[in-house]
1. I'd like to know if the range A:336-343 contains one or more residues that are in a helix (DSSP H, G or I), surrounded by fewer than 16 Cβ atoms within 10 Å (Cβ to Cβ) and within 7 Å of RNA strand B (Cβ to nearest atom).
2. Based on what the data block shows, is A:Val475 β-branched (Val, Ile, Thr), within 29 Å of A:Val375 (Cα to Cα) and surrounded by 13 or more Cβ atoms within 10 Å (Cβ to Cβ)?
3. Of everything in the range A:32-78, what is touching a Leu at 6+ places or on another chain (Cβ under 7 Å), among the β-branched types (Val, Ile, Thr), within 12 Å of RNA strand B (Cβ to nearest atom) and within 23 Å of A:Lys90 (Cβ to Cβ)? Give them in sequence order.
4. Look at A:Gln213 and say whether it is in a helix (DSSP H, G or I), among the polar types (S, T, N, Q), surrounded by fewer than 18 Cβ atoms within 10 Å (Cβ to Cβ) and within 14 Å of RNA strand B (Cβ to nearest atom).
5. If we scan the range A:147-159, do we find a residue that is in a helix (DSSP H, G or I), within 33 Å of the chain's Cα centre (by Cα), acidic (Asp, Glu) and not assigned by TED's automatic domain parsing to the domain that holds A:Ala440?
6. Filter the range A:150-192 down to the residues that are in contact with a Gly (Cβ under 6 Å, 6 or more places away or on another chain) and within 16 Å of RNA strand B (Cβ to nearest atom), then identify the one that is farthest from A:Thr340 (Cα to Cα).
Amino acid sequence: MNAVAQLQTRLQQALVAAFGPEFADTDPLLAATNNPKFGDYQANVAMSLAKKLGKQPRQVAQEVIDRLEVAEWFETPEIAGPGFINLRFKTDYLQASLQAMQADDRLGIAPTQTPQRVIVDFSSPNIAKEMHVGHLRSTIIGDCIARILEFQGHDVLRLNHVGDWGTQFGMLITYLREVAPAALTQADAIDLGDLVAFYKKAKARFDEDEAFQQAAREEVVKLQSGAEETLRAWKLLCDQSRREFQVIYDLLDIQLEERGESFYNPYLPAVVADLKTTGLLVEDQGAQCVFTEGFTNKEGQPLPLIIQKSDGGFNYATTDLAAIRYRIGTDGAQRIIYVTDAGQSNHFAQVFQVARKAGWIPETVEVVHVPFGLVQGEDGKRLKTRSGDTVRLRDLLDEAVERFRANLDAKIAEEKNREETEEFKAQVSEIVGISAVKYADLSQNRTSNYIFSYDKMLADKGNTAPYMLYAYARVQSISRKGDIDFSALTAQLQLQKESELILAKHLLQLEDVIAQVGEDLYPNRLCQYLFELSQKFNTFYDACPVLKAEEPLKTSRLVLCDLTARSLKLGLSLLGIPVLERM
RNA sequence: GGGCCCUUAGCUCAGUGGAUAGAGCAACCGCCUUCUAAGCGGUCGGUCACAGGUUCGAAUCCUGUAGGGCCCGCCA
């Protein structure tokens, strides 16, 4: 148990000792301080108890600390302001903790005691369409969440719930049958870009041509009933899209198990049947619906979740319900995380409500929608290309890499006596460019819309990937220069200067930050931590010579360098970002 | 009309009940004969949209108002 957990317990014991057993469940209101002059932690319980006990808050605080035994970890507690109890770590404790951290492959972060089977549903592009900017956030945020949970020791199933079923295929196949029948019988008869164009035309036809609409709907029914020719055409389209998606996933280093909507097709009738049994299902205007609480349409009428369309077809609500049942019943999921845009909040709220009412989500299973905001251009509107089209993900990533390459070339040209190989420049540019896109996205609170700016994400100043990667590279530079083998260091730490103490305390917080993100699923908190770590390292680097220090201080500082680098490497890896030894 | 989200420094954003509200960028001033200056230190900058309420204590919780975004029956 770490010192903070111990402190929590000891505070509770002190409360009981001071005021009696009825205070056993009183929260000591322990929190990190926001200002180092107040120490490292503060307990705010005295103010909240003062009225109840009929005493002055400062006196309550005094009675607590008189009975508080934390000398193993903390200096003598102090009372400040209206009754804050301030606690400061002992340097001895910090030094010992850092040494333990240094000796451990996982930086002292133990795997969870309660591993869960977790499903992270993310990315989920549509077959027959190219991946575009709309898939960026789900893919990046979902991957990060999966990485964090995996590191914690959970059994994570990463599912790509691709849109490989439904009305869009009816449209597309009907249209292709007319204009490019070869695409339905032989692989790669047309390329994916053309397929996207065909899709748009098919959609346009669908919206204005009633006969076409009818034909498309019939095609969906054929597909759903397994008609051979339609099914073969569908498989061809899926294969082609899948290969295109894989190019992007390789570029982004993302592992995913594809399990599209079609997978749940055999389980859809049972969803309808079981909803009927529970009495939740109602027929309305020819469609099978479940009416949900708290949702109304523009006319103020209750809003249904449509389970089966009037033409007998199923839609995504049905699929999502079937998926919940399958994931809980067969996959054994204890936590299901859906990483999709905030626009689907209503949909998921409805689906979860219906699944709960039907009794399909046991108390022990957590089902959660992790929403995120839109990607906007610098004009604050939805990100588009100059010609007004949706931005292809491939183009977006390529541009980030190209732009960073230009920055890098300029930088190298500026520095005297610096020559780099083409291979080096290409590799650095690709890693930094793509990492910058990922980091920019992850470093924002996901719930708000996010303004996409190449200039900001590629800047070498501020809370950006280049800044963090540079901090890491600086440490590696020390090891090269001093010919240091970090893994062989053994030393008694000596935290002397303020910048060393500040860095040391920050290093010890990594565990808590990861635990918090695993819980709340806000990756920007991990980014914030890593940014502050980089800043604190740079301050230390500026103030404390490492290689020129006398032993044993030199080795002590090398340990701080090593721990910083390893923390950065671990933290960035959880964001899906690799490090560079040199840049 | 309903639901969800947002409104914090000139700009982009942190801050999910605690002390004088924080970063980064931009602007200005310093620091390279010393481990990568892609760095560091400092200055400037805020009626936390507005009004009530709860609380010892509110940017944070509750209610209302204004502005913005997204969604609202057979697309996902």
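1. Yes, that holds for at least one residue.
2. Spelling it out, it is not the case that A:Val475 is β-branched (Val, Ile, Thr), within 29 Å of A:Val375 (Cα to Cα) and surrounded by 13 or more Cβ atoms within 10 Å (Cβ to Cβ).
3. Within the range A:32-78, just A:Val45 meets the criteria.
4. Here the answer is yes, as A:Gln213 does meet what is asked.
5. Scanning the range A:147-159 turns up at least one residue that is in a helix (DSSP H, G or I), within 33 Å of the chain's Cα centre (by Cα), acidic (Asp, Glu) and not assigned by TED's automatic domain parsing to the domain that holds A:Ala440.
6. Taking the candidates together, the pick is A:Asp164.
Quick grid of which residues meet (1) within 18 Å of A:Gln12 (Cβ to Cβ); (2) of a type in the set (A, V, I, L, M); (3) buried (at least 21 other Cβ atoms within 10 Å of the Cβ):
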position: A:Leu30; (1), (2), (3): yes, yes, no
position: A:Phe38; (1), (2), (3): no, no, no
position: A:Lys51; (1), (2), (3): no, no, no
position: A:Val64; (1), (2), (3): yes, yes, yes
position: A:Phe74; (1), (2), (3): yes, no, yes
position: A:Pro82; (1), (2), (3): no, no, no
position: A:Ile85; (1), (2), (3): yes, yes, yes
position: A:Lys90; (1), (2), (3): no, no, no
position: A:Tyr93; (1), (2), (3): no, no, no
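So that you can scan it fast, the table gives a plain yes or no per residue for (1) farther than 30 Å from A:Ile254 by Cα; (2) surrounded by 15 or more Cβ atoms within 10 Å (Cβ to Cβ); (3) over 20 Å from the mean Cα position of the chain (by Cα):
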| position | (1), (2), (3) |
| --- | --- |
| A:Ala471 | no, yes, yes |
| A:Lys481 | yes, no, yes |
| A:Ile484 | yes, yes, yes |
| A:Gln509 | no, yes, no |
| A:Val513 | no, yes, no |
| A:Lys569 | no, yes, no |
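The values are calculated or read from the model by the stated rules, or taken from the named source; none is laboratory data. All values derive from a computational prediction rather than experimental measurement. We place every Cβ from the backbone using ideal geometry, glycine too, and count neighbours over all the protein chains shown.
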